[in-house]
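Working notes, beginning with the structure itself.
The values are calculated or read from the model by the stated rules, or taken from the named source; none is laboratory data. This structure is a prediction, so every number in the text was calculated from the model and none was measured. Glycine also receives a Cβ, built like all others from the backbone with ideal geometry; neighbour counts cover every protein chain displayed.
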């Protein structure tokens, strides 16, 4: 019975994803197969052992797959229920929020970020932190940092 359910699940999954397309931001489309092949290629190239990928179109999930292993030595396959360390998840959230601000013309990717502040950066105090940004008082490099620089991880700080 369990084999029958497993086969049915695999068959259903294959049927649902066969020929399915994913809309790109430029209104072109990709097949699910091409996305899966690209992910496999990138994993091999970068020596990534496991990854979970979800793609949304119009705030609806259109692709959600796991690839590789959750535990390589134990040969435990990564699944939708595997627990993963988020690593640099904040970078993705920052990128998403920044690009939403760009889309709505709230920020310019190339305008120095300090220009959006109500007062000089060095005057800000951070609650529950012993200091703010006073150590930048004589370091004007922060005045050159833009959202684009932050998004490319090249701030130098």
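If you go through the stretch 125-149 and keep only what is under 26 Å from residue 99 (Cβ atoms) and either modelled with pLDDT under 85 or in a loop (DSSP other than H, G, I, E, B) (or both), you end up with 126, 133, 145.
Of all residues in the stretch 124-155, those that are more than 18 Å from residue 94 (Cβ to Cβ) and either touching a residue at least 24 places away in the same chain (Cβ under 8 Å) or not assigned by TED's automatic domain parsing to the domain that holds residue 111 (or both) total 2. Regarding the stretch 55-72, can at least one residue be identified that is in a loop (DSSP other than H, G, I, E, B) and more than 29 Å from residue 24 (Cβ to Cβ)? Yes, the conditions are met somewhere in the stretch 55-72.
Within the stretch 101-124, track down each residue that is surrounded by fewer than 12 Cβ atoms within 10 Å (Cβ to Cβ) and part of a loop (DSSP other than H, G, I, E, B).
104, 105, 106, 110, 117, 118, 119
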